[in-house]
Amino acid sequence: MTRLPLEIWREVFGYACTDGGYTGASLALACKLFYNASLPVRSHALSLFSLRQVELFLAHAKGYEDRYHGRRLRIYHLLLSFPASPPSSPSDLSSDSSFGENSPAEQWITARRLREQDKAAWDCRFLKLVPRLLELAAPHLRTLALLQSDGFVLPAMKPVLPRLRELTLLVGISVIVNGDEVFDGGGRSSVSASPPSWSRSLPSPLSQTPISVTPSPPTTSSRFPVLERVHLICGRHRDFVLRDTLTHLPRLAPSLTHLRISNTTYTHEHCIPAFLRAAVGLPGPDPHHTPTALYAAESPVRAPFEEGDGGVRALLPALRHVLVHSVPPPSAGTAGGPYKEYMALTGALNAISAACEGTLDVRVRITRSARAKQRCWEQVVETHWLDRIEGGHGCWVGRFDCADGAARG
């Protein structure tokens, strides 16, 4: 074992440490030789499931930097999962001093106040630790998966990840895809621009009136300048509509080539079809009112875009593959209400798919399945994240088997 050169061991460990950190941790415990030889590559693929784990890793990274005279660990693939609510202090929630002889209503108010205090403290800790982790990873990070639940809101962040190529967001998409920040020539963020015009004019989810969407264009510098693949998995409650979130994609990820949106439903009837038409350069349902017309008239920032065959400027000119997975509403099978809007959504997506197939070099695929449980999506996202690290296709191939399999699970 000691006869092999250290460089060979590091090559071997580099191929082995692609499972989110489990193999790296095992190597560190095997022997002193493996501990030292695997140290630079153990963090290449990292999965963390709590703020405590983030804190411990940052302490480890600081020790490594001190030990090796400023050299930093390299993180190429990162998965962060925060599916559960922050733990409440048992002494706070169960002590007699908290509730005393209060009425049930007063006890409920007190318990809610304590939970809000716990959440505020957790948020402060989150904003102290996670941005530091992303800043550490930013110079080399290629894939990022952020997992959360519908009932637990993470604080919004605005990370700048210049080498990120693939992003997966499970629920709470606006945590990362947010803001209307403009970057100056040096890439520094400056004063935010005015809210996107299409988000101000978007009707309620139940409105039947067609609209024109105007996503904001990319600026000369973006937070994710080389990002090519984005997978957005909508939550039932927190991503009920995507009126603002999709607006920011052209600016945040101007090089986007692959877009997948999962768990879409009847509440997305207006925003997703309108955004996709603007993204690929298709005219709107009304030929006299294109999806980008309002942007061209009002946007304070101008940027060149390619024109599609319909003469409409594409907001994402590099986009070539779009996958949309939809979930029928619980009232599926009825003639009206949410199901009618859901059918309008799928009809609009099918029309976009047919138009792209005939005129544009863009492939749009649509499928549907029953709604999957949160835990199923967490498993699916982690499986696909690991598959992509090892060079697999992940969620970008097949007939949305991951969504169908998650639904059956």
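For F82, the amide hydrogen comes within under 5 Å of the amide hydrogens of L147, Q148, counting only partners 5 or more places away or on other chains and with H modelled in the peptide plane.
With a 1.4 Å probe rolled over the protein heavy atoms of all chains, the accessible area of I366, I173 falls in the order I366, I173, largest first. Straight-distance candidates among the lysines for linking to K158, with alpha-carbon spacing under 29 Å and chain neighbours fewer than 8 residues away dropped: K62, K119, K128, K373. Count Lys and Arg as plus one, Asp and Glu as minus one, and take only other residues whose Cβ is under 10 Å from that of N263; the net charge is then +1.
What is the packing order of peptides 124-133, 221-230, 71-80, 276-285, taking the mean over residues of other C-beta atoms within 10 Å and listing the highest first?
On the way: 124-133: 16.0, 221-230: 20.7, 71-80: 19.2, 276-285: 24.4.
Order by mean packing, descending: 276-285, 221-230, 71-80, 124-133.
Could you calculate the contour length gain from A120 to K158, that is, 0.36 nm times the residue separation minus the distance between their Cα atoms, to one decimal place in nm?
Fully extending the segment from A120 to K158 adds 11.8 nm.
Stretched out straight at 0.36 nm per residue, the stretch from Q53 to A351 would grow longer than its current Cα-Cα span by 102.6 nm.
Between T257 and H60, the FRET efficiency from the beta-carbon distance, with R0 = 41 Å, is close to 0.70. Solvent-accessible area per residue in the range 221-274 equals 22 Å², computed with a 1.4 angstrom probe and all protein chains kept. Estimated from the Cβ-Cβ distance and a Förster radius of 35 angstrom, the FRET efficiency linking K373 and E135 is about 0.55. The protection proxy used here, the mean number of other Cβ atoms lying within 10 Å of each residue, ranks peptides 112-122, 340-350 as follows, highest first: 340-350, 112-122.
The phi torsions of the range 246-253, fed into the Karplus equation with coefficients 6.51, -1.76 and 1.60 and a -60° offset, translate into couplings of 5, 4, 8, 4, x, 7, 5, 9 Hz, rounded to whole numbers, with Gly and Pro shown as x. Solvent-accessible surface (1.4 Å probe) assigned to H140 amounts to roughly 40 Å².
Given the peptides 359-365, 59-65, arrange them by the average over their residues of other C-beta atoms within 10 Å, most packed first.
359-365, 59-65
The values are calculated or read from the model by the stated rules, or taken from the named source; none is laboratory data. These numbers were taken from a predicted model, which means no experiment stands behind them. Note that each Cβ is placed from the backbone with ideal geometry, even for glycine, and that neighbours are counted across all protein chains shown. Calculation scope for accessible area: heavy atoms of the full protein, side chains included, ligands and nucleic acids excluded. Shrake-Rupley method; radii C 1.70, N 1.55, O 1.52, S 1.80 Å.
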